[in-house]
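Here the structure comes first, spelled out in structure tokens, and everything after it is commentary.
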Amino acid sequence: MELYAPIFVLGGIGAVFVVVSMVVGAIAGPKRYNRAKLQAYECGIEPTPQPAGGGRFTIKYYLTAMLFIVFDIEIIFLYPWAIHFDALGVFGLVAMLLFLVNVSIAYAYEWRRGGLEWA
């Protein structure tokens, strides 16, 4: 258990820092509320009225999020594989090829749906 003590101490220090920062910010921060500060932030533009259900987002937002997730996860899994490439042997090669085929299918879907076109 003593091997984990530094991790617990660091976690405790981080938690104390978060709590102290929130309390000091709430106490010391200015409290000048007005109509503009209480509205939703939309890049300095007047907020557009939304339907009662919140409105519908275009598929472009979801495709962009999928694109980010696909490539982010691909990079996360490629680093350990590249580091231990020699030790994994044929099994590691086949597993990574299957993973890359899966990622390529997601990429092709994204491309076909127009997620890579910004115009």
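Of the residues in the stretch 74-119, how many are hydroxyl-bearing (S, T, Y) and over 21 Å from K60 (Cβ atoms)?
Total satisfying the criteria: 2.
Of the residues A52, A87, only one is loosely packed, with under 10 Cβ neighbours inside 10 Å, farther than 26 Å from G114 by Cβ, modelled with pLDDT under 85 and not hydroxyl-bearing (S, T, Y); which?
Residue meeting the stated conditions: A52.
Considering only the stretch 79-118, state which residues are without any contact (Cβ under 8 Å) to a residue 12 or more places away in the chain, among the aromatic types (F, W, Y) and assigned to a helix (DSSP H, G or I).
Those that are without any contact (Cβ under 8 Å) to a residue 12 or more places away in the chain, among the aromatic types (F, W, Y) and assigned to a helix (DSSP H, G or I): Y79, F85, F91, Y109, W111.
The values are calculated or read from the model by the stated rules, or taken from the named source; none is laboratory data. These numbers were taken from a predicted model, which means no experiment stands behind them. Methodologically, a virtual Cβ is constructed for each residue, glycine included, from the backbone with ideal geometry; neighbour enumeration extends over all protein chains shown.
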